[in-house]
Amino acid sequence: MQMEIEKAPAGMVENVLHAVGLADEFARWSSPVGEVFVAWNRRGISRLTLADGGEAGFTDDFARVIRRPVRPASSVPSRVAAALERRLSGKGGPTFADLRVLTPFEQDVLTCTAEIPAGEARPYGWVAKEIGRPGAVRAVGTALKHNPVPLLIPCHRVVRSDGTIGEYALGGPGNKRLLLTLEGVPVDRLAPVKGFVGSDTTRVFCLPWCGYGRRVMDKHRVAFRSRAEAEAAGYRPCRRCRP
Amino acid sequence: MRLTDRLAADLDGAFEAFVRAHQDAVYSAALRLTLRPADAQDAAQDVFVRAYKALSTWEPERIRSLEAKPWLARITLNVVRNRARSNGRRPETVPLSADVAGTDATDAVADVMADADDVLGRLAALPDKYRAPVVLRHAYGLSYEEVADVLGRPVGTVKAQVSRALQTLKESS
């Protein structure tokens, strides 16, 4: 016989997790595409949406997508703001994203996408190839569509291989165009990815959208239809865009 | 996989499960020690916050070998003691009656704990040195050896104190 074990009051787990920083909080943040809500916890940024639904809308969205409770906070802490600004300005470093609700495939897609430098675009197929699933182009598109932390994971830098920019979950393609333009991507002049460009001075070949590839002067530019053709001509793949 | 192994591998990932596993026991002990539900909730939350802060500085090997239940009992006692000290309010105590007959502890617990609403009132009447052993043994569920270790008292003393506490609780009912 023991004394009755009392049930701990409801909300105790949440209070504890909140007190030690493991629970999610959210606040408003001004992004290049307008006011957004950002949620974070000790592990990283867990959610980012446009702020148009209000706090109640965000709380509902968070419960549905992340399946955890979230509490409003007064402002975004400096480490969270710094992580977002670092990514938007194209600086490297850790992503500070909490992606644990995603599948391993989705995590691979987003981790790979986080590495795309500011000012550059990559086709969906490039991400698929990078994560070792070259046939999963459509699934890559779906994973990016459900990116819980746009801007932090720059899914706007992944566009269609025909050179059109494709869909964007954070407020539509107009915002994707705006972000790419702000970063200096020539959105309206992205040629379809058919083949590769090389430089006859460096003997390196790139994706046509690579920041290095774009800088090759016309008189040194060499076009290749395939990797094999470039490599047969003695060119090596660019280490930046990994064509 | 044991909870302490999961904590050692991923403290942040497993800590919620750790709180869920122990919250009822810690709250029950805190309730019987503070005697007020609001104080007990604050104290129990404080116990887990302190536990997290300690664990976050530990090597995985140390977390793996942790005996979580006695460790949390020790933190609970400290938290309750510190809160009582800083609040300047301690539960009132009454003298323990002089003659305590040897009784069957199991029956005694069954009798005195039958009316849960009255338990806190009767626990309030126990001197502190008897309250902690009986709460840790019968509300929190430690063995006599664990209670003795947590309180730093000999096992025989703890057994006597628990028995005396139960007898007193029975007489005051």
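The values are calculated or read from the model by the stated rules, or taken from the named source; none is laboratory data. Note that the coordinates shown come from a computational prediction; the quantities given were computed from them, not determined experimentally. Methodologically, a virtual Cβ is constructed for each residue, glycine included, from the backbone with ideal geometry; neighbour enumeration extends over all protein chains shown. Remember, those area values only see protein heavy atoms, side chains included, never the ligands or the DNA or RNA. Shrake-Rupley method; radii C 1.70, N 1.55, O 1.52, S 1.80 Å.
A few comments on the model shown:
- Taken together, the residues in region A:54-80 that are among the polar types (S, T, N, Q) and surrounded by 15 or more Cβ atoms within 10 Å (Cβ to Cβ) amount to 1.
- Members of region A:26-37 that are in a strand (DSSP E or B) and not acidic (D, E): A:F26, A:A27, A:R28, A:W29, A:S30, A:S31, A:G34, A:V36, A:F37
- Subset of region B:111-143 [modelled with pLDDT of 85 or more and open to solvent by 50 Å² or more (accessible area, probe 1.4 Å)]: B:K129, B:R137
- Conditions (1) out of contact with any strand residue (DSSP E or B) (no Cβ under 8 Å at 6 or more places or on another chain); (2) outside any helix (DSSP H, G or I); number of the one not met by A:D188: (2)
- Cross-chain or 6+ apart pairs with Cβ under 6 Å, region B:134-151 first and within 11 Å of chain A (Cβ to nearest Cβ), then open to solvent by 40 Å² or more (accessible area, probe 1.4 Å): B:H138/A:Q2
- For region A:190-213, the tally of residues that are free of Cβ contacts under 8 Å to residues at least 24 places away in the same chain and not hydroxyl-bearing (S, T, Y) stands at 2.
- Where a residue in region A:89-102 is at positive phi and its partner, wherever it lies, is modelled with pLDDT of 95 or more and open to solvent by less than 40 Å² (accessible area, probe 1.4 Å), with Cβ under 7 Å and at least six apart: A:F96/A:I45
- Members of region A:26-45 found to be among the charged types (D, E, K, R) and more than 14 Å from chain B (Cβ to nearest Cβ), listed by number: A:R28, A:E35
- Test: residue in region B:13-27 that is in contact with a Phe, Trp or Tyr (Cβ under 9 Å, 6 or more places away or on another chain), in contact (Cβ under 8 Å) with a residue 40 or more places away in the chain, over 27 Å from B:R85 (Cα atoms) and at the interface with chain A (Cβ under 9 Å from one of its Cβ atoms): yes
- Count of region A:4-25 residues which are part of a loop (DSSP other than H, G, I, E, B), open to solvent by 50 Å² or more (accessible area, probe 1.4 Å) and more than 7 Å from chain B (Cβ to nearest Cβ): 1
- Screening A:R214 with (1) over 21 Å from the mean Cα position of the chain (by Cα); (2) at pLDDT 80 or above gives one miss only, at (2).
- Subset of region B:124-173 [in a loop (DSSP other than H, G, I, E, B) and among the aliphatic types (A, V, I, L, M)]: B:A125, B:L126, B:L142
- Count of region A:128-149 residues which are surrounded by fewer than 21 Cβ atoms within 10 Å (Cβ to Cβ) and either touching a residue at least 24 places away in the same chain (Cβ under 8 Å) or in a loop (DSSP other than H, G, I, E, B) (or both): 11
- Residue list for region B:40-87, restricted to those being under 19 Å from B:A9 (Cα atoms), facing chain A (nearest Cβ under 10 Å) and among the charged types (D, E, K, R): B:K53
- Within region A:97-113, the set of residues being hydrophobic (A, V, I, L, M, F, W, C) and within 14 Å of chain B (Cβ to nearest Cβ) comprises A:L99, A:V101.
- Comparison of A:E85, A:E120, A:E167 shows that the only residue that is of a type in the set (D, E), free of Cβ contacts under 8 Å to residues at least 60 places away in the same chain and either part of a loop (DSSP other than H, G, I, E, B) or more than 26 Å from A:P186 (Cβ to Cβ) (or both) is A:E167.
- Residue ID - nearest to the chain's Cα centre (by Cα), chosen from residues in region B:28-39 that are within 8 Å of chain A (Cβ to nearest Cβ) and closer than 16 Å to A:G11 by Cα: B:S28
- Total residues in region A:200-243, condition small (G, A, S) and at positive phi: 1
- Qualifying residue in region A:223-230 (condition: polar (S, T, N, Q) and either open to solvent by less than 60 Å² (accessible area, probe 1.4 Å) or farther than 20 Å from A:S31 by Cβ (or both)): yes
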